[in-house]
Every structure is written in C-alpha cells, then in structure tokens.
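**Student:** Supplied in structure tokens, the structure appears directly below.
The numbers here are math on the coordinates, done by the rules we state, and not lab data. Predicted model only: the values in this text are computed from it and were never measured. Heads up, the Cβs are rebuilt from the backbone with ideal geometry, glycines too, and the neighbour counts pull from every protein chain shown.
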Amino acid sequence: MFSFLVAANGFHSMLQTYGNHTGDRDLKKFIEELIPGVKSEIKEVEEVLKENGIALPPAAPDKPLATLEEIPPGAKFADPEISASVSKGLAEGLVGCSTIIAQCTREDIAMLFGQYHMNKAQAAGKALRLNKEKGWLIPPPLHTKIPSED
C-alpha cells in the first residue's frame, strides 16, 4: 500500500501538470474528473497506513494553476502525449490494484482496492473513447502478408 500511495501521489501531481498543459476541452474535463477520485484514494490509503503505524511517503505540493498561454510553446506537452500518458497511468493503476488484491490477506483492503480497480477500469474506458474520438489512438500496422517458408 505504501508503494501504491507513492504512485498515486505521483499520478495526482502529473494530472495537475497536464491539466495546465492541455488545450483540448474534453481532455481537460476528463483530467479534472480524475483528480477527485485520485485524491480520495490517497486520503483513504493514508488513513489505513496511519491506523497501522506506517509513516507516509512524502508527496509533492499541489501544482499552481496556469493558463496554457503562460507555458512556452517548446515546453508544452501536446494533447496526444498527455492523453497517452494519462492512459498509461490508469493502466499502471489497474495492475497495481490487481496486485494488491491478489496478495492481500485482509478482506477490507481487498474490497477497497477492488473499488479502485473498478473506477480505474471505467476511467480507462473513457480514455479509450476520447483517444478514438480525437484520432489520438495509433493502432499498430496490419501485417496481411505472411512470409512463406519457401
């Protein structure tokens, strides 16, 4: 759970940064919808760790709000980059939750991370839809010619 909290803190910080960099309204809205869920996960996991006498990892302070115009053009993340990174973060969160559930010896913790897993899966579905709608999903090339053994 400690490692999950470290990752969740990093994901929260990343979302705040990406929220400042995106120019796409739909992507910005999606990021803004993710942040409260991540904050809730952080708070709940911190409570469990504190109750069990485990020190909390350090977390970065909240990022200040910035307008897109305040960020120099060469320093901006592109919207497709942001969306791909957020999708990757959600996928990593799914794996993390699954790992905790599989290794857990406490049912309450397994249920908690089952809920997180479900929320992340739903968010990943929204991210997939957004990536498709925006043309940001890059499918791998099709290989229709099968090499012959001749």
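**Student:** Under the rule of -39500 (n - 2.57) per DSSP H run of 4 or more residues, summed and divided by the residues of the chain, what mean residue ellipticity at 222 nm is obtained, to the nearest 500 deg cm²/dmol?
**Tutor:** -23500 deg cm²/dmol
**Student:** Moving on. Can you spot the lysines whose alpha carbon is less than 20 Å from Lys126's alpha carbon? Ignore those fewer than 8 places along the same chain.
**Tutor:** Lys28, Lys29, Lys39, Lys88, Lys134
**Student:** When a footprinting reagent is the concern and you count Cβ atoms within 10 Å, what order do Arg129, Arg25 take, fewest first?
**Tutor:** Listing Arg129, Arg25 from fewest to most nearby Cβ atoms yields Arg25, Arg129.
**Student:** Check Ile71: other-chain or 5+ apart residues with amide H under 5 Å from its amide H, H built from backbone geometry?
**Tutor:** none
**Student:** Calculate the translational D of the chain in whole µm² s⁻¹ from Stokes-Einstein, where the hydrodynamic radius comes from the Kirkwood formula applied to all Cα pairs, the temperature is 10 °C and the viscosity 1.306 mPa s.
**Tutor:** Translational D for this selection: 92 µm²/s.
**Student:** I've got another one for you. How many angstrom separate the Cα center of the stretch 134-150 from the Cα center of the stretch 1-25?
**Tutor:** 33 Å
**Student:** Explain nothing, just the number: dipole magnitude of the stretch 24-150 about its Cα centre with +1 on each Lys and Arg Cβ and -1 on each Asp and Glu Cβ, in debye rounded to the nearest 20.
**Tutor:** With only Lys, Arg, Asp and Glu charged at Cβ, the dipole is about 240 debye.
**Student:** What does the charge count near His21 come to, summing +1 for each Lys or Arg and -1 for each Asp or Glu among other residues with Cβ under 12 Å from its Cβ?
**Tutor:** Around His21, the charge tally is -2.
**Student:** At q = 0.17, 0.21, 0.22 Å⁻¹, what log₁₀ I(q)/I(0) does a Debye calculation on the Cα points of the stretch 67-132 give, no solvent, two decimals?
**Tutor:** Per q value, in the given order, log10 I(q)/I(0) is -0.68, -0.83, -0.86.
**Student:** Taking just the C-alpha trace of the stretch 35-114, give me its Rg and Dmax in Å.
**Tutor:** My reading of the Cα-based Rg and Dmax gives 16.8, 50 Å.
**Student:** Okay, next question. I need His117, His143 ordered by Cβ neighbour count within 10 Å, fewest first.
**Tutor:** His143, His117
**Student:** Further, regarding this structure: At q = 0.13, 0.28 Å⁻¹, work out log10 I(q)/I(0) for the stretch 20-78 with the Debye formula, treating every Cα as an identical point scatterer and leaving solvent out; two decimals please.
**Tutor:** Log10 of I(q)/I(0), two decimals: -0.52, -1.19.
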